[in-house]
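Report on the structure given below.
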Amino acid sequence: MADTQRKRGGWSWWYLLFVLQCALVLWPPFYNRAEPAFYGIPFFYWYQLLAVLIAAVLTAAVYFATED
Amino acid sequence: MQGVNWVALTVFVVLFGFITWLGFAAANWRKGDLDQLHEWGLGGRRFGTMVTWFLIGGDLYTAYTFIAVPALAFGAGAVAFFAVPYTILIYPVLFLVFPRLWNVCNKRGYITASDFVRGRFGNRWLALAIAMTGLVATMPYIALQLVGIQVVIGAMGVGGTSGFVADLPLIIAFVILAAFTYSSGLRAPASIAIVKDVLIYITAFAAVIVVPLQLGGFAKIFSAVPAQKLLLAVPGPTTTGAYGAYATLAIGSALALFLYPHSLTGILSASSGHAIKRNAAILPGYSFMLGLLALIGFFAIAAGVGALPQFAAGFKEFGNNFAVPALFLHVFPSWFVGVAFAAIGIGALVPAAIMSIAAANLYTRNIHREFINKNPTDKEEAQMAKWVSLIVKLGALIFILFVPTQYAIQLQLLGGIWIIQTLPAVMLGVYTRWFNDWALLVGWAVGTVAGTTMAVVMNLTPTYPLAVGGFTFPGYTAFYTLVLNLVLVVVLTPVFNAMGSRRTPADETVAADYFA
């Protein structure tokens, strides 16, 4: 019992995926441009919407990797 | 404004009637003794993953979001898209911090953040500061939800002229809201949130599919957006310009979100810490929608609704907040306008109900019980909360009826700056008891005063141009003042600990409380 508690509360390297997903969107110079456009949507917009989907996948990965 | 849109109004009223019935019927849902505060104010902590999903979603994506984010895109352009990084940042926070907070609150019977801080740091004045901040930050937020209802009611051609008759629809909506919250507690918004989400999803997807088709594709829409609105302005050599503002707005808003009492109420009503973690994994589904909603602001630009004579009166009365309703009126058939407006109207009632319950919980537990009547019976406590929820909503209504909307928006901006100052005690407190309680209080006070001053100096706009040497770093005031707050707490903790001859107040929580 005490062991599983410690395991659940502790640090997991999987959390680094959270850092990755934050890094994707916290540096605006990287995506503040219009080209390449996607179906007429400027890069700035479709990139960030794509980042949402990537973040959702990464969060789910962390969830499954850290739950028992 | 033009005449009444009867088809839209009928659909709107029918849907409103349905959720009114649902709100009252919810009292019997997963039945509990509503004379106990945790039953009335937290739904008995019995909501599973799905209901929690709707409830937290109801907190996050309010009517005001639905109106204001596209309005910002309509008026200011690319900067409105900071809402997307913001929603990406909130889920790691939810994932890492809040299952632990849920566990300790469940084990110790806490129902507010202030309860937790009182137990963790043993300082009633710190707990009072947390409770007051929550109350003051929530009130203008409730008022803004009523603005959302006001805009769609106005857009259907009801009211328009000033005076009591014009305000009547809003007053009716308010009475409905107040009555079902009083009688059903948190169960009412939880059940209505499901209807609300279905409607909002239908509306958002309809808008994103139908409007680009009508306007001739995304390429055409974006080419109608003026160049200076399409992207963030590239900063000059001695400033971080729009980039820094964009990133700090996202970070600050994300950190503030779950500190709001209504967010916490949604979180604490979950049936387990596990349900919250699962939600952090599945809630990003909502974020995508928020991005789509922001695009609707550009649709409104492309559709040229700002220049159409039939919408001139609406824009005059509600400003850019009228962009979304105008677009819907312009492109949707009347019956679907009714659906979309009902989505916005109901999208206002859900968070407004949760907010008023959260405020009621705070007052009842952390002010009344702590400072006025120390030993209420369960029934007295629950009754007090029900009354407070009414008073809080009445305050919001009076505010909206008699004070210019702009004040509510500005107060809500200040609310974000205030609520983030509770982060060290609440979010970091979940992980560590290292901080000195008085250091936390000083950090909170200085952060609050500095943030308010900076916002006032900037004429109540969200960003402050921090000047260091020859460089300027424009950024979200809430973010800067949180850093100031944290630095103070870290520096003052050892100082106060060394000065204090009095022993540190006891931490009534134990390490095991934070785990399932």
Q | Boolean, B:L460 is more than 14 Å from every other protein chain (Cβ to nearest Cβ), under 30 Å from B:V104 (Cβ atoms), in contact (Cβ under 8 Å) with a residue 40 or more places away in the chain and touching a helix residue (DSSP H, G or I) at 6+ places or on another chain (Cβ under 8 Å) | A | no
(Q) Condition first: outside any loop (DSSP other than H, G, I, E, B) and under 29 Å from B:F315 (Cα atoms). Now tell me which residues in the range B:1-18 satisfy that. (A) B:W6, B:V7, B:A8, B:L9, B:T10, B:V11, B:F12, B:V13, B:V14, B:L15, B:F16, B:G17
Q.
Six or more apart or on different chains, Cβ atoms under 6 Å: show the pairs whose first residue is in the range B:423-452 and among the basic types (K, R) and whose second is not in a helix (DSSP H, G or I).
A. B:R433/B:D507
Q: Name every residue in the range B:34-79 that is among the hydroxyl-bearing types (S, T, Y) and in a helix (DSSP H, G or I), in order of residue number.
A: B:T49, B:T52, B:Y64, B:T65
(Q) Residues to consider are A:A51, A:A37, A:A23; find the one that is at pLDDT below 90 and hydrophobic (A, V, I, L, M, F, W, C). (A) A:A37
Q) Tell me, which helices (runs of 4 or more DSSP H) wholly within the range B:186-288 include 1 or more residues that are more than 30 Å from B:T112 (Cβ to Cβ) and under 23 Å from the mean Cα position of the chain (by Cα)? A) B:187-215, B:241-257
Q | Selection count, the range B:262-278, where residues are touching a strand residue (DSSP E or B) at 6+ places or on another chain (Cβ under 7 Å), within 14 Å of chain A (Cβ to nearest Cβ) and surrounded by fewer than 23 Cβ atoms within 10 Å (Cβ to Cβ) | A | 0
Q: Give just the number: which of (1) more than 21 Å from B:P351 (Cα to Cα); (2) facing another protein chain (nearest Cβ under 8 Å) does B:G285 not satisfy?
A: (1)
Q: Take the residues in the range A:24-51 that are of a type in the set (A, V, I, L, M) and not in a strand (DSSP E or B), then tell me which one is farthest from the other protein chains (Cβ to nearest Cβ).
A: A:L50
Q: Consider B:L295 carefully, then state whether it is crowded, with 24+ Cβ neighbours inside 10 Å, in contact (Cβ under 8 Å) with a residue 40 or more places away in the chain, within 14 Å of another protein chain (Cβ to nearest Cβ) and over 20 Å from the mean Cα position of the chain (by Cα).
A: yes
Q: Give the number of residues within the range B:71-86 that are closer than 12 Å to A:A55 by Cβ and at the interface with chain A (Cβ under 7 Å from one of its Cβ atoms).
A: 2
Q. Take the residues of the range A:52-61 that are crowded, with 20+ Cβ neighbours inside 10 Å and facing chain B (nearest Cβ under 7 Å): which is nearest to the chain's Cα centre (by Cα)?
A. A:A55
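The values are calculated or read from the model by the stated rules, or taken from the named source; none is laboratory data. Remember, it's a predicted structure, so these values are computed and weren't measured experimentally. Cβ: placed from backbone, ideal geometry, glycine included. Neighbour counts: every protein chain shown.
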